[in-house]
Structures are given as C-alpha cells and as structure tokens.
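Enquirer: One structure follows; several queries about it will come next.
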Amino acid sequence: MARPQCSMAYGADVEGAMRRREFLGGLVGGAALMPLVANAQQKVRRLAFVHSGIPVDRLTENGGPFWVRRFHEALRALGEVEGHNLAIERYSAEGHSERFAALVGEVVGRKPDVIVTNFTDLARAFMAATTTIPIAAIVGDPIAAGLVTNLARPGGNLTGVSINAGIEIDGKRLQILKEAMPSAARIGQLASGGWDDGNRARFAEVARLLQVSVTRVILPVVNDDQLERAFSDMVQQKIDAAIIDEGGGYLAQRAAVVRLAGRHRLPIIYPYRDYVEEGGLIALAPEVGELSERMAGDVHQILSGTNPGEIPFFQPSKFRLIINLQTARAMGFEIPATLVARADEVIE
C-alpha cells in the first residue's frame with residue numbers, strides 16, 4: 001500500500017490533532033465544571049444547635065468544650081461539613097431558663113432541618129412546639145422525664161443520647177465520695193426530684209451500707225437565690241459532703257454551684273466533667289466523647305432521611321473518674337492516694 005504524501009499526512013494530522021484538542025478540552029472543561037454543578041445542585045441542610053448554658057461563640061469545633069468539639073469532628077468525619085453541605089445556626093439561653101420559650105419559638109420559626117439541644121426541659125419545649133422538625137437531644141432519663149416510652153423505638157420526632165445510667169451510678173458516686181472523705185457521716189443530696197420509690201430505696205440501701213445519712217435538698221427551680229439558700233441550709237445542718245444529681249438546671253448554674261462549694265468548703269462529687277473544669281472537686285462522669293460521636297451519628301442518619309423516632313436512644317457505657325487536686329488543696333482536703341491512683345484524670 002502506497003504511503004500518503006507528506007503534505008497530505010501533515011494536513012490530516014493537524015486537523016486530527018485540532019479535533020482531539022477540542023474534544024479533550026471539552027472533557028477537561030466539563031470535568032472542571034462538574035464539582036461546581038454538583039455543589040450548586042447539592043442542598044445545604046440547616047442544623048440548629050441550641051444550648052441551655054454555653055455561650056454561642058463556644059459552640060464551635062475550635063472554641064468549644066471537649067464534647068462540642070468532638071461532636072463537630074464526628075459530624076465532619078461522617079461527611080456533614082459546616083460551610084459545605086451543612087449550615088449550623090447557634091443559639092444559647094446562657095443559663096437562663098426564662099429565655100427557653102422565646103428561644104424555642106425563634107428556632108422553630110426558622111424551620112431548620114434538625115434541632116440539636118442539650119437539656120431535658122429544652123427538649124420537652126421543642127417537642128411541644130413542633131411535631132415535624134427532627135430533634136436530637138442530650139437528656140437525663142428520657143423515660144422518667146416523659147419524653148419517650150421506649151428507648152429502642154422512641155417514636156415521634158425525638159431521639160438522642162441519655163447521660164443517665166440508672167440508680168447504680170448514683171450509688172457508685174456516693175461510694176467514691178465516702179472514699180474521698182472517710183470521716184463524712186452526713187451527706188447532702190442536691191436533687192431535682194423525679195426519683196421513684198424504688199430508686200430512692202436502692203440509694204438509701206447504699207447509704208446504709210456506707211453508714212452515712214442522706215439529706216435531700218430539692219430545687220425544682222435552680223437559680224442564684226435558691227442555691228445560696230440550699231448551701232446555707234446544708235452548712236447549718238452540718239452536712240459533711242454532698243452529691244449533686246444530673247439535672248440540667250444545676251449544670252446550667254455550675255459556675256455558681258462550684259463557687260458556693262468553695263466558699264463553704266463543702267466537698268461535692270459531680271455527674272459531669274463540666275463541673276471539674278469550672279473548679280469542682282470530683283466527678284464520675286460519662287465519657288462525653290462517646291456520647292458526642294453517637295449524637296453526630298444520629299444527626300447524620302436524620303439528614304440522610306431516617307425518621308428520628310426509629311433511632312434508638314443511647315445510654316452511656318463508659319465513665320471517667322476525674323479529680324481536681326488544685327481544688328482539694330485550695331479547700332484544705334487531702335484526697336486518699338489510693339483514690340487518686342484510680343482516677344482516669346487528675347488535675348494538678
């Protein structure tokens with residue numbers, strides 16, 4: 001077969017090359033445009049992050065407490081990225097329960113795709129305000145609080161995590177408090193109410209075995225005046241040490257609680273790490289990293305189309321003993337070395 005003339009071959013090659021360049025250019029240009037088109041078509045979902053106490057500027061991945069940072073990190077790892085496919089609107093009552101109603105009204109009025117909140121009373125208020133917007137909440141005991149009737153299938157528009165592990169953890173906290181303060185005989189119990197007779201009986205049995213008496217101090221509303229009165233009453237009753245329940249009202253006022261404990265030199269064991277970070281003495285606290293990751297998973301499932309009522313409530317399985325030796329020294333207490341050695345974390 002005769003070879004084509006060079007001039008013809010050259011012209012054909014040039015024309016073919018030009019067509020190839022146009023074709024490849026179209027591919028490259030199309031490929032470059034594809035992410036832009038995808039981003040334009042991808043719906044940005046809106047998450048309302050509502051907290052009872054932590055200020056808005058600390059509800060972030062960089063500036064917040066550990067559990068808030070872990071929640072954001074876990075969300076991002078699941079593909080829910082703020083500024084990309086997720087917009088987060090942040091709200092806080094800053095510890096003022098009287099702001100809850102207005103806050104709930106504002107959030108529901110903006111119709112976010114999912115509401116994340118941290119407090120039993122806030123969760124209850126949101127459930128009263130909307131039956132359609134999904135809610136993922138960190139609460140105490142959701143069954144005792146009347147939020148759900150079944151942890152495995154909550155139903156309705158609520159799911160989340162419970163920071164309550166049952167009466168056993170309260171008994172364990174009482175044991176640790178007695179070990180930290182062996183001479184303590186009179187224990188104050190700052191409570192929010194809500195315990196049934198069975199729970200009270202089991203806690204009383206632990207107290208009997210430890211040879212301590214327990215005086216309950218119930219504050220249905222936790223504010224500065226009520227806390228001042230409660231601590232004054234405990235001092236007058238010669239209370240040696242105290243245990244505080246998991247109620248969100250106390251948590252929202254944790255700075256005031258820790259300040260009063262220091263002023264009255266009253267050792268208290270707390271249910272959350274947040275208190276120890278404020279200067280509290282001891283906490284036996286759920287592993288908040290585990291809870292935060294589970295909450296992020298709930299949000300991801302909801303944004304992926306799962307009905308929140310079909311997502312089981314999660315209960316904590318890991319707890320950490322945290323001791324603040326700085327506070328112990330400031331209050332003039334010496335924590336037994338055996339207890340310090342068992343602590344998961346010691347603040348020097």
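Enquirer: What does the highest-first list of 232-238, 278-284 look like by mean Cβ count within 10 Å?
Expert: 278-284, 232-238
Enquirer: What list of ³J(HN,Hα) values in whole Hz, one per residue of region 316-331 in order, does the Karplus curve 6.51 cos²θ - 1.76 cosθ + 1.60 (θ = phi - 60°) give from phi, with Gly and Pro shown as x?
Expert: x, 10, 10, 10, 10, 8, 10, 10, 9, 6, 4, 5, 4, 5, 5, 8
Enquirer: Here's another thing I want to ask about it. Rounded to whole Hz and in sequence order, give me ³J(HN,Hα) for region 250-255 from the Karplus expression 6.51 cos²θ - 1.76 cosθ + 1.60, θ = phi - 60°, writing x for Gly and Pro.
Expert: Once rounded to whole Hz, the list reads 5, 4, 4, 9, 4, 4.
Enquirer: Using the Cα atoms of region 76-167 to build a convex hull, what is its mean projected area in square nanometres?
Expert: Spelled out: convex hull of the Cα atoms, projected over all directions, averaged, 7.1 nm².
Enquirer: Also: For Lys111, which lysines qualify as cross-link partners when the Cα separation must be under 29 Å and same-chain residues fewer than eight apart are set aside?
Expert: Partners found: Lys43.
Enquirer: I need the per residue convex hull volume for region 183-314, using only the alpha carbons, in cubic angstrom as a whole number.
Expert: 136 Å³
Enquirer: Next up: Starting from the Kirkwood radius over alpha-carbon pairs of region 212-278, derive D by Stokes-Einstein at 37 °C in a medium of 0.692 mPa s and give it in µm² s⁻¹.
Expert: After rounding, the answer is 271 µm²/s.
Enquirer: Okay, next question. Could you pull out the trypsin sites (Lys or Arg not before Pro) across region 297-348 that fall in loop regions by DSSP (anything but H, G, I, E, B) with no more than 13 other Cβ atoms inside 10 Å?
Expert: Lys318
Read-outs: derived from the displayed coordinates by stated rules, not from any lab. For clarity, every value in this text was computed on a predicted model and none was experimentally measured. Cβ coordinates were reconstructed from backbone atoms using ideal geometry, including for glycine residues, and neighbour counts include every protein chain displayed.
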